[in-house]
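Participant: I have a structure here, written as structure tokens, and I will follow up with some questions on it.
The values are calculated or read from the model by the stated rules, or taken from the named source; none is laboratory data. Only a predicted model underlies this, so the values are computations on that prediction, with no experimental measurement involved. Neighbour counts run over all protein chains shown; Cβ positions are idealised from the backbone, glycine included.
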Amino acid sequence: MASNYDNSAWFYDSLSQFVYGKALVKAQVYLLQYIQAGSNILIAGGGTGWILEEITRLQPSGLQITYVEVSAKMTALSQKRNTGNNQVTFINDAIEQINPANDFDVIITPFLFDNFTVQTQQLVFNHLNSLLKPNGIWLNTDFQLTGKLWQSVLLKCMFLFFKIWCNIETTQLHQVEPCFVKNGYYTIANKTFFANFIISKAYKKK
Ligand SMILES: C[S@@+](CC[C@H](N)C(=O)[O-])C[C@H]1O[C@@H](n2cnc3c(N)ncnc32)[C@H](O)[C@@H]1O
């Protein structure tokens, strides 16, 4: 069953800022430099949509953005964002359910895969992979465990909280990196944040 972030839409950004300060924003903004002018972009699981304003700050026009969010309340908040002269299509649905007419130059998955079991993760990855053009760019940000106890404790608390509050389907972090490797992507940039707990990677499809 799909998660439901409707319950958390009104406090999600405040809570993440309380726990992580600016780290979640910085981690995602770091990757936006890899978006070329005129790109056709797919954003999956963009939350309250602040990323749209960050993209628009860098590129106020010329982008075509398809914004797919499964939570109706998150989508509604996103629709209020300033997107300049970029053309944005909002779709309130699960990313695995949508079949757009055109493929994309760029896919953005910010803290999307940490919501899923391995099975859903593979299904979503394969679906997104099929929507990205050859030589396309995939910008992924997520948590990673690097062996520190505090990371495991914090992650467990987050999973418990979002399980109760938003009914996310998993209670464990499954690294998505093997999917990228298996499908022949290569890393063009990467950077860690919040003492290595967050990793941002820009991949290129062959
Ligand atoms: C952990 S939140 C991250 C939100 C945002 N990217 C951020 O960093 O502030 C995950 C988001 O993905 C959305 N989501 C979860 N599963 C999804 C799916 N299958 N398709 C589209 N969106 C999904 C949730 O509704 C939620 O807004």
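Participant: Looking at Val124, Val153, Val176, which one is surrounded by fewer than 18 Cβ atoms within 10 Å (Cβ to Cβ) and at pLDDT 95 or above?
Facilitator: Only one candidate qualifies: Val153.
Participant: A further question follows. What residue, of Thr83, Thr48, Thr66, is out of contact with any helix residue (DSSP H, G or I) (no Cβ under 7 Å at 6 or more places or on another chain), at pLDDT 95 or above and surrounded by 14 or more Cβ atoms within 10 Å (Cβ to Cβ)?
Facilitator: The match here is Thr66.
Participant: OK, next. How about the stretch 95-112: which of its residues are near the ligand (Cβ under 9 Å from one of its atoms) and either buried (at least 20 other Cβ atoms within 10 Å of the Cβ) or part of a loop (DSSP other than H, G, I, E, B) (or both)? Write out each step before concluding.
Facilitator: Of the residues in the stretch 95-112, the ones near the ligand (Cβ under 9 Å from one of its atoms) are 95-98, 108-112.
Within the stretch 95-112, Ile95, Ile98, Ile108, Thr109, Pro110, Phe111, Leu112 qualify.
Participant: Next question, about the same structure. Identify, from the list Ile55, Ile107, Ile98, the residue that is modelled with pLDDT of 95 or more, under 13 Å from the mean Cα position of the chain (by Cα) and aliphatic (A, V, I, L, M).
Facilitator: Step by step, each of Ile55, Ile107, Ile98 is checked, and only Ile107 is modelled with pLDDT of 95 or more, under 13 Å from the mean Cα position of the chain (by Cα) and aliphatic (A, V, I, L, M).
Participant: On the given criteria, is Phe162 at pLDDT below 95 and not in a loop (DSSP other than H, G, I, E, B)?
Facilitator: For Phe162, the condition - at pLDDT below 95 and not in a loop (DSSP other than H, G, I, E, B) - is met.
Participant: Quick check on Leu31: is it out of contact with any helix residue (DSSP H, G or I) (no Cβ under 7 Å at 6 or more places or on another chain) and under 23 Å from Trp165 (Cα atoms)?
Facilitator: On the way: out of contact with any helix residue (DSSP H, G or I) (no Cβ under 7 Å at 6 or more places or on another chain): yes; under 23 Å from Trp165 (Cα atoms): no.
Answer is no for this residue.
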